[in-house]
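Following: one structure in structure tokens, then a few remarks.
Each reported figure results from applying straightforward, stated rules to the coordinates on display, with no laboratory input. Remember, it's a predicted structure, so these values are computed and weren't measured experimentally. When we count neighbours, we look across all protein chains shown, and the Cβ atoms used for this are built from the backbone with ideal geometry, even at glycine.
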Amino acid sequence: MPHESLPAYFGLPEHVTYCTRCVMSNQRPCSYPEFKHTKDRRTPTMHVDAEGVCDACRYAETKERIDWDDRERQLQALLDRYRSNDGSYDCLVPGSGGKDSIYAAHLLKYKYGMHPLTCTWPPIMYTDIGRQNYLNWCDIGGFDNVTFKQNGRAMKLLTRLSIENLLHPFQTFILGQKNLAPKLALKFGIPLVFYGENEAEYGNPIADNNQSLRDKSYHTMSDISKLHLAGVSVPELIERYQIPLVDLMTYLPAEHTLYDRQQIDVHYLGYYVKWTPQEAYYYSVEHSGFQANPVRTEGTYSKYNSLDDKIDGFHYYTTYIKFGLGRASYDASQEIRNRHLTREEAVALVRRFDGEFPARYFQEIMDFIGMKPDDFHALCDKFRSPHLWVCEQGNWRLRHPIWQQSTPVDAEHGAVPGDQRHADGAADGVAKAAAATGAVIQAESAANRNAA
Ligand SMILES: [Zn+2]
């Protein structure tokens, strides 16, 4: 194996191993508190077991065996303890108006009789459709909402620094998305916070999924001088970059002592309710006027996953550079686990769309953060780990793309190839994949008809 002697950046496993069920590899990083993310961090990555199955697929298997009726009873019992009857809010649902937050808030209010306040950490740069979906969430869905409009100057600088230092354009968004709701819950005295699904479902150690409460390490802190934003320590941001502490606090979690004084529990609704992204999508179309992207999202084949921030496409482009896994890999893996795609179709989709450059908003984003496009490309090249990438005649290519692997495939999982949707008779993988994409679009129009 010639690549075994090549350096692997970020502490990634030197040998690339793909899951035999989905299209993820052992290069996928696990979730990790962003304020501990430094330039020399050794990235914890997803485990692929001795049978060649990744933790996310193992969890999907576990999910099929969960007694969801029992989980719903647990949810009812929890909600019964907290439901208010004096007109006050009893839970807080963070979201920017994507399908998952719409689904969570709507279920809590209209199915379970709770009184949620919703809160929003807005995207770094809203897309038009994202802003409209956010408004529909409040206006058609019927929710009060507190939006935290960030200080744009600090946001720009931190976003640029997180790109320069970590090639991580989405960090400022992730930080706010994880910290705002628990902090507002403290301020408003709301005891319950509900996120939708647990991000750990997509590849953290399986134990992380076996509880409804989010680990406090994501939203509490004890020593501010040890925290990092954009890969730079807080004291250095203040001294070297002249950012006042008050402008940084927005991105940081609350002191753990505040949570000791006031009980705030942060739950995943996905622990209690079986969470299927496609179902959440149909539901939000029907109940909240949610609209999918009118055009295909760059880097993938889907039209309804995370489309509210112009920077989304950049986020996935950088995961492709750093880990060899782009947006189609993430989308298709999840759809295999929900049995909407076969692995063969997914491989074809990855081959066709993964790593597609997100050109649509590129110039606008560069203008926003004040970076020259050429500098961005040069920066990307610095983050290409030699064990994943090779440059031949000025063209970069992945050393171990999934379509060149002879990974034994565990075909028991994923969609059944004889499924109606795949009955186009196409032998070619890409054509089949395109047919599957068509299926997604058809399903969307069905959902739109139902909503009308
Ligand atoms: Zn897998």
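Between 105, 75, 184, whose Cα lies farthest towards the positive end of the dipole of segment 66-272 when Lys and Arg beta carbons carry +1 and Asp and Glu beta carbons carry -1, centred on the Cα centre?
184
When the dipole is taken about the Cα centre of the chain, and only Lys, Arg (+1) and Asp, Glu (-1) are charged at their Cβ, what size is it in debye, to the nearest 20? The partial results should precede the final answer.
Values: 49 positive and 57 negative charges, 123 e Å.
About 600 debye.
Please say if segment 328-396 is rounded, prolate or oblate, where rounded means a/c under 1.5 for a ≥ b ≥ c the square roots of the C-alpha gyration tensor eigenvalues, and otherwise the choice is prolate for a/b larger than b/c and oblate otherwise?
Values: a/c = 2.95, a/b = 1.63, b/c = 1.81.
Oblate, because a/c is 1.5 or more while a/b does not exceed b/c.
Write down, largest first, the equivalent ellipsoid semi-axes of the chain in whole Å, where each equals the square root of 5 times an eigenvalue of the alpha-carbon gyration tensor. Could the numbers behind the result be given before it?
On the way: eigenvalues 209, 167, 91 Å².
Here the semi-axes work out to 32, 29, 21 Å.
Given the chain, what percent of its DSSP beta bridges are antiparallel, to the nearest 5?
Working: 11 of 26 bridges.
Once the DSSP bridges in the chain are tallied, antiparallel ones form about 40 percent.
From the alpha carbon gyration tensor of segment 66-272, can you work out the equivalent ellipsoid semi-axes (sqrt of 5 times each eigenvalue) and give them in Å, largest to smallest? Display every interim value, and only then the final one.
On the way: eigenvalues 178, 76, 57 Å².
With the √(5λ) rule applied to segment 66-272, the semi-axes are 30, 19, 17 Å.
Excluding residues on the same chain fewer than 8 positions from residue 36, give the lysines whose Cα lies under 21 Å from its Cα.
In chain and number order, the partners are 156, 178, 183, 216, 226, 322.
Using amide H atoms built in the peptide plane, which far-off residues or other-chain residues are under 5 Å from residue 413 H to H?
Counting only residues 5 or more places away or on other chains, the set is empty.
Karplus couplings for segment 317-329 from phi (6.51 cos²θ - 1.76 cosθ + 1.60, θ = phi - 60°), rounded to Hz, Gly and Pro as x?
5, 6, 5, 5, 5, 7, 10, x, 10, x, 5, 5, 4
Taking neighbour counts of Cβ atoms within 10 Å as a proxy for exposure, in what order, fewest first, do 281, 218 appear?
Details: 281 25, 218 18.
Sorted ascending by nearby Cβ count, the order is 218, 281.
Run the reach check for residue 310 against aspartates and glutamates, Cα to Cα strictly under 17 Å, same-chain hits fewer than 8 apart removed. What comes back?
Filter leaves 128, 298, 356, 364, 367.
Counting only residues 5 or more places away or on other chains, whose amide H sits under 5 Å from the amide H of residue 229 once H atoms are built in the peptide plane?
Amide H neighbours of residue 229, under 5 Å, 5+ apart: 234.
Taking a ≥ b ≥ c as the square roots of the Cα gyration tensor eigenvalues, with a/c under 1.5 meaning rounded and otherwise prolate when a/b beats b/c, else oblate, which class fits segment 236-296? Spell out each step's value before the answer.
Working: a/c = 3.91, a/b = 1.63, b/c = 2.40.
Oblate shape, in that a/c is at least 1.5 and b/c is the bigger or equal ratio.
Can you put 172, 257 in order of Cβ neighbours within 10 angstrom, beginning with the fewest?
Values: 172 27, 257 9.
Neighbour counts put them in this order, fewest first: 257, 172.
Cut-off under 20 Å on the C-alpha distance; same-chain residues fewer than 8 positions from residue 111 excluded. Which lysines are left, in chain and number order?
Here the lysines satisfying the reach criterion relative to residue 111 are 99, 274.
Mind listing the phi-derived Karplus ³J(HN,Hα) values for segment 290-305, rounded to whole Hz, using 6.51, -1.76 and 1.60 with θ = phi - 60°, and x for any glycine or proline?
5, 10, 6, 5, x, 10, 4, 6, 4, x, 7, 10, 8, 10, 10, 8
Quick check on the exposure proxy: order 19, 30 from fewest to most C-beta atoms within 10 angstrom. Spell out each step's value before the answer.
Details: 19 29, 30 17.
By the 10 Å Cβ count, ascending, the order reads 30, 19.
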